[in-house]
Amino acid sequence: MAAALQLPSYLDQSPEVAARFERLRQRPVALEVSGLTKTFETTRGTVTALSDVSFSVHKREFMCVIGPSGCGKSTLARVLAGLEAPTSGDVRVYGQPVSGPGPDRGMVFQSYTLFPWQTVKQNVMFGPLMAGASRNSAESEARQWIELVGLTKFENAYPQQLSGGMKQRVAIARALANQPRVLFMDEPFGALDAQTRCQMQSHLLDIWKNVDITIVFITHDLDEAVFLSDRILVLDPHPGRVREMIEVPVPRPRHNDQLFEPSFMAVRKHIDNLIHPPGQEHHKESPVLRLVARDPDIV
Amino acid sequence: MRPLASLFKGWFLIRRDLSSSRRLFLSAVSFVLPLALWCLVSYVDWIWHPDIKLQLSSEREGNSTVFTAGDHISPGYYQEMVVATRAENTRLLASTPPPKSSKRANQKLLRQLAPVAISHDWLPYTEAQNDAAIYHLWRDIATGTKIPTDPALTPENLDIVKKNWAQLAPLTADFSLASLPETPLLKLIPQGLPANPVYLPAPHEVWRSGWRDFKAVPPEGELSMTQRYQHSLRVILLGFFWACVVGVPIGILCGVFDFFSKLFEPFVDFFRYMPAPTFSTLLVAVLLAGDAPKIALVFIGTVFQMILVVSKTTRLLDPSLLEAAQTLGASPKQMLTRVVIPGILPNLYNDLRILLGWAWTWLVIAELIGVKSGLTEFIETQGRFRNFDRVFPVIILIGVTGFVTDQILSWLHGIIFPWTGRGNPIAQTFIRFLFWPFRQISKLSDRAGTPT
């Protein structure tokens, strides 16, 4: 089956792409994770969620973390944001060790987590106000971020009145309003329908282009990971550890047509093989009772 | 025919909402139905009505019990009394010479007509022993100047009134005990109608007594109904207010900090199982008579539940909101004031609404301790006299107060918390205006907290 599809190796990079990666590597390190281990004490004993995870992300890079369920993706995001303390190892943002949640690292959750009692504008103003900005400056700042995500018309709406995609755009604007140095996104588009998710991906890339931000994006969607990122960190499950760090050979700027380019499909197929190794659950015949006679057209 | 048929369709759909007009209709019916049932039992004579309610005072020879108008007796005994009184009158007319009787007994006999006068408002009910007026009433009824209609006198009794007046008129035009005859007057025959037991007065009686009690100017030193009502409201609102002042902050602290939760909640949990009324004598001993022990009882009855309910509500706040706030740089204090408190307010509001309903229960008990007071004292006193027609209006008043308050508060919920759903722009503007001073204060404190 693999022979029928003549794909290049995912390691093949065009000279332009290779040169770009070379330049990216020259940039300062925005996020450095070294020897990160996280264990949880449960009634059934100790569970290791992350084991000796190390990687680094360069300034303004877009990195995706992907892996099968149970690989500790979300735990990684929470540790990076400082919501959980690592059992061992450390996380540094521009050389500063992370010891708890802080406004220098933004976080966007899958469940939006907008404050329902605040309007769109008030939600976006939250960070600047916490940092001690005056109401007026927070408001004008919020307006700017709301414009960036294209919700100016809805600045006085309550989250409850918005669609899922719009809510997530508010959440992004709210995280960016703090002007964090790194933005963590934990499956932010996981709850959106396919079409909205596609729009949001393009929208996110536009934002990333126009804002000084380094993004670490957690996802379980292969296409999403390949479409968005410069590099993809593939995690193994039980316990979560680094399987491979992949440089995506698809050139930028990205657009939807690239989904069918050989370089895109090659890297997608490679990651798919990593996450769902062929010969395992994939090809197992599920025992389904046959209730009708075999129909040659329905196979 | 078709629209009529559609009127009966679609009332019973499993887990489907009815149209708003149907809902409104059913809500109205839910009140009309019990009222209609009450009317049916009260006004249809052949439904129930096991008693006879007397319209005139009645007594009979050889029985020391005097029945007054409004008393309930069994139909069998009523018949017996009618027969016995007729026999007495017949004996009196037949005997010669007429037997002697005390003037005092005749005075009492004249007063038999007092209830008729009172029910026609010819006499205020405090004047039931105004013999001069009653004497003139005998004259007026006998001469046909006044014709009683509610209750109307039976022809038999009208005849007796005329016969008695024929005996009285030559003696004196105005009442004087000395001028009354020494021969006995004829007794009025007992008159009554089928009635329900005294504990189920008819709607119109309840309405009339309630109206009268609320309009009545109380005698010197006693409270009017409105004053009693205000007093009850004052006790419940003060008790509830202090419970909120203490219960809400402690509840929130317990919900937020495990420290306070473990420090307070076990004891609170224990204490709330001790019924508040068991502390009544203690409260009176400590706080003495007056309103203080009553307010304290409402407080005790409410505050412990409140702490537990509020702490539970606080714990129900989506923890990811707190995490989001943390990643946005909120300090612990800011998380409390900017996330926890605004986040739980809509649910807290509903909790307090429900607890206010409970507080009414405690109020009724509170008003019975120490010096009885307020609406409950009225219920107690009138209930003892079996004046249930005067008790029901007060019970209904409490019900209406609770229901209306709750409806208003529930309506306000949508206005105060527009993000929870139903909100309208006018109401939002109104609330913004209402909270303007608070916003100014919070702005000032923001500025104070900002290093310049």
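The values are calculated or read from the model by the stated rules, or taken from the named source; none is laboratory data. Quick caveat: nothing in here was measured; it's all calculated off a predicted structure. For neighbour counting, all protein chains shown are included, and Cβ atoms are generated from backbone atoms with ideal geometry for every residue, glycine included. Ligands, DNA and RNA are excluded from the accessible area calculation, which covers all protein heavy atoms including side chains. Shrake-Rupley method; radii C 1.70, N 1.55, O 1.52, S 1.80 Å.
Assorted remarks:
- Scaled against the 2.2 N^0.38 Å expected of a compact globular protein of N residues, the Cα radius of gyration of segment A:67-173 reads 1.22.
- Number of partner chain Cβ atoms within 10 Å, mean per residue of A:168-176: 1
- Extension gain, residue A:238-residue A:88: 0.36 nm per intervening residue step, less the Cα-Cα distance, totals 52.3 nm.
- GluC sites (Glu not before Pro), loop per DSSP, at most 13 other Cβ atoms within 10 Å - longest free stretch of chain B: B:223-452
- Cα gyration tensor shape for segment B:160-288, rounded if a/c is under 1.5, else prolate or oblate: prolate
- Take the convex hull of the alpha carbons in segment B:51-195; its mean projected area over all directions comes to 8.4 nm².
- Amide H contacts under 5 Å for residue B:195: B:51, B:52, B:53, restricted to partners 5 or more places along the chain or on a different chain, H placed in the peptide plane at 1.01 Å from N.
- Within chain A: Cβ-based charge dipole about Cα centre, in debye rounded to nearest 20 (Lys, Arg +1; Asp, Glu -1): 580 debye
- Protein-only accessible surface order, largest first, of B:412, A:228 at 1.4 Å: B:412, A:228
- Residue mean of other protein chain beta carbons inside 10 Å, A:109-115: 5
- Nearest-0.05 FRET efficiency for residue B:80 and residue B:105, computed from C-beta distance (R0 25 Å): 0.70
- Annotation: amide H-H contacts under 5 Å for residue A:217 (H modelled 1.01 Å from N, sequence separation of 5 or more, or interchain): A:63, A:64, A:65, A:185.
- Cα-based convex hull volume of chain A per residue, rounded to whole Å³: 191 Å³
- On full extension, the segment bounded by residue B:40 and residue B:68 gains 7.4 nm, given 0.36 nm per residue less the C-alpha separation.
- Couplings 3J(HN,Hα) for segment B:169-174, derived from phi with the Karplus relation 6.51 cos²θ - 1.76 cosθ + 1.60 (θ = phi - 60°), are 3, x, 6, 7, 7, 10 Hz, where x marks Gly and Pro.
- Kyte-Doolittle mean at least 0.5, axial Cα span of 27 Å or more - DSSP H helices of chain A: none
- DSSP bridge orientation in the protein assembly as shown - percent antiparallel, rounded to nearest 5: 60 percent
- Convex hull volume of the C-alpha atoms in the protein assembly as shown, normalised per residue: 316 Å³.
- Label point distance in nm, residue B:177-residue B:126, each placed 7 Å from Cα along Cα→Cβ: 2.3 nm
- The string of couplings for segment B:115-129 from the Karplus curve (6.51, -1.76, 1.60, θ = phi - 60°) is x, 5, 5, 5, 5, 9, 6, 6, 8, x, 5, 7, 9, 4, 10 Hz, one whole number per residue in order, with x for Gly and Pro.
- Surface accessible to a 1.4 Å probe, per residue, for the residues of the protein assembly as shown, Å²: 54 Å²
- Using θ = phi - 60° and Karplus 6.51 cos²θ - 1.76 cosθ + 1.60, couplings along segment A:227-242 (whole Hz; Gly, Pro as x): 5, 8, 9, 7, 10, 10, 9, 9, 9, 8, x, 6, x, x, 9, 5
- Membrane-span-like helices in chain B, defined purely by DSSP H runs whose alpha carbon atoms cover 15 Å or more axially and whose average Kyte-Doolittle hydropathy reaches -1.0, are B:20-43, B:75-94, B:131-143, B:155-168, B:225-256, B:258-271, B:292-315, B:341-366, B:374-384, B:388-416, B:436-449.
- Within segment B:33-100, trypsin sites (Lys or Arg not before Pro) in DSSP loop having at most 16 other beta-carbon neighbours inside 10 Å: B:100
- Taking all protein chains together and rolling a 1.4 Å probe, residue A:167 ends up with roughly 50 Å² accessible.
- Residues in segment A:67-107 reached by a label modelled at residue A:34 [backbone nitrogen below 15 Å; 7 Å Cα→Cβ]: A:88-98
- In segment A:1-65, trypsin sites (Lys or Arg not before Pro) in a DSSP loop with at most 11 other beta-carbon atoms within 10 Å: A:44
- Qualifying chymotrypsin sites (Phe, Trp or Tyr not before Pro) for segment B:10-95 [loop in DSSP, other Cβ within 10 Å: at most 12]: B:11, B:12, B:46
- Cα gyration tensor shape of segment B:225-284, rounded if a/c is under 1.5, else prolate or oblate by comparing a/b with b/c: oblate
- For the peptide A:134-145, the mean number of other protein chain Cβ atoms found within 10 angstrom of a residue's Cβ is 1.
- Residues whose placed amide H lies under 5 Å from that of residue A:49, excluding near-sequence neighbours: A:38, A:39, A:40
- Only lysines eight or more places from residue A:73 in sequence, or on another chain, were considered; those with a Cα closer than 29 Å are A:38, A:59, A:167, A:209, A:269, A:284.
- Over all directions, the projected convex hull of the C-alpha atoms in chain B averages 36.4 nm² in area.
- Estimated at 0.36 nm per residue, the fully extended path between residue B:208 and residue B:381 surpasses their Cα-Cα distance by 60.4 nm.
- Between the beta carbons of residue A:9 and residue A:199, assuming R0 = 45 Å, the FRET efficiency works out to 0.90 to the nearest 0.05.
- Selection from B:285, A:211, A:75 lying farthest towards where the dipole of the protein assembly as shown points positive, charges on Cβ: B:285
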